[in-house]
Amino acid sequence: MKRHLLVIGATGKTGRHTTELLLQRGHRVRALVHGLDARAERLAALGAEIVEGDVLDLDSLARATKGIDALYFTYPIRPGLMDATANVAQAAEENEVKAIVNMSQVSARRNTASNAARRHWVAERVLDHAPVPVTHLRPTFFAQWLIDTWADGTGELRLPFADGRHAPIAESDQAKVIAAILEDPAPHAGQIYRLYGAEELDHYEIAEKMSRALGRKVTYVPIGLDEFAAILRGRGASDHLIQHLLAVAVDYREGVFAGTNDLVKTIGGSAPLDVETFIARNRTAFDLPTTI
């Protein structure tokens, strides 16, 4: 059955892949964007209905949700999550949206040291109390993290993760799960899904796989939290993001990001990408300047 679906943050990491996948499957997709830039124009060319708005503006969000069957909600690591979540819940109720897929994070819990992760946990509870069925997604670190933290030209991954482990997950694999739930939300209502990539690795193993995919030596260099904070400041990261990343670095060392399961395959329909395949498919990104 073809559905009318809203993707909030449609030009972002998971939003873009989700929008493209839903369009390929023949659904009507409304894409909520902040502005009509090249990314929005590309989605429009693929058939998306582009709507300018902001989740922090309830009226624009209410307009965007009119006539929508289900929506995907994601919000970046920046202040405003609680207001955005309340607005999504209100707009969805007003317009009788039948389901919400909410992007949270694997470290979301009440007692976390990360302000952002704690707010994600509270945001989940806010949506749980709304009269709209919701499914929460808690992915581990995105495979995109390897691009975002790449020290261009040095061949080093300087990160404060010690010998902790996780299974990097590609945005495209998350999109498969998001799309599947939006297409048939009822079996997933009320669920919290932890999402993982193909294989749990430490960063020494990740560096080895990156070396093979890139054809040049990549070295993991464990660093302390102070050095990591200095690196983030040098890249222009906000205080809010730095506080979050320092806290989750400790979580990572303590195993919060570790684990595997088969949900990408069982819900999304295909096995997730492994690290070498992801790196190979994004080969040119490792020749670009680093941003965070």
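Bear in mind these aren't lab numbers, they're just calculated from the coordinates by the rules spelled out. Remember, it's a predicted structure, so these values are computed and weren't measured experimentally. Here the Cβ is made from the backbone with ideal geometry for all residues, glycine too, and neighbour counts use every protein chain on show.
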Given a cut-off of under 8 Å on Cα pairs at least six residues apart, what relative contact order in percent is computed for segment 88-187?
-> 29
Of the beta bridges DSSP finds with both residues in the chain, what % are antiparallel, to the nearest 5?
-> 10
Using DSSP, restrict attention to beta bridges with both residues in segment 123-220 and report what percent are antiparallel, rounded to the nearest 5.
-> 30
For the chain, what relative contact order do you get, as a whole percent, if you take Cα pairs closer than 8 Å and at least 6 residues apart?
-> 19
Taking the chain and counting helices only, DSSP H stretches of n ≥ 4 at -39,500 (n - 2.57) each over all residues, the nearest-500 ellipticity at 222 nm comes to -12500 deg cm²/dmol
Per-residue ³J(HN,Hα) for segment 96-112, Karplus 6.51 cos²θ - 1.76 cosθ + 1.60, θ = phi - 60°, Hz, x for Gly and Pro | 6, 5, 8, 6, 10, 9, 10, 7, 10, 7, 5, 8, 5, 6, 5, 9, 6
Subtracting the Cα-Cα distance from 0.36 nm times the residue separation, let me have the gained length for Asp226 to Ala86 in nm, one decimal.
-> 46.9 nm
Among Lys66/Lys98; Lys2/Lys66; Lys13/Lys66; Lys176/Lys209; Lys2/Lys98; Lys2/Lys176, which pairs are too far apart, with a Cα-Cα distance over 19 Å?
-> Lys13/Lys66; Lys176/Lys209
Just how far, in whole angstrom, is segment 213-292 from segment 67-119 if you go by their alpha carbon centroids?
-> 23
How far, in nm, would the chain grow between Asp184 and Glu156 when pulled straight, counting 0.36 nm per residue and subtracting the alpha carbon separation?
-> 5.8 nm
In whole Å, largest first, what are the principal axis extents of the Cα atoms in segment 191-292?
-> 40, 39, 21
Any chymotrypsin sites (Phe, Trp or Tyr not before Pro) in segment 131-200 that lie in a DSSP loop and have at most 15 other Cβ atoms within 10 Å would be none
For Glu156, other-chain or 5+-apart residues with amide H closer than 5 Å (H placed, Pro excluded) are Ala151, Thr219
Classify segment 32-79 as rounded, prolate or oblate from the Cα gyration tensor: take a ≥ b ≥ c as the square roots of its eigenvalues, call it rounded if a/c is under 1.5, otherwise prolate when a/b beats b/c and oblate if not.
-> oblate
Nitroxide proxy distance, nm - points 7 Å out along Cα→Cβ at Lys2 and Glu254 = 5.0
Cα lying deepest toward the dipole's positive end in segment 81-224, options Thr154, Ile192, Val132, charges on Cβ | Thr154
Quick calc, Arg42 & Val122: beta-carbon distance into FRET formula, R0 41 Å, rounding 0.05, result 0.75
Using a simple spin-label model with points 7 Å from Cα along the Cα→Cβ vector, what separation in nm is obtained for Arg216 and His34?
-> 3.2
Using modelled backbone amide H atoms (1.01 Å from N, in-plane), which distant-in-sequence or interchain residues come within less than 5 Å of Val134's amide H?
-> Ile100, Gly190
Given +1 on the Cβ of Lys and Arg, -1 on the Cβ of Asp and Glu, and no further charges, what dipole in debye does the chain carry about its Cα centre, rounded to the nearest 20?
-> 280
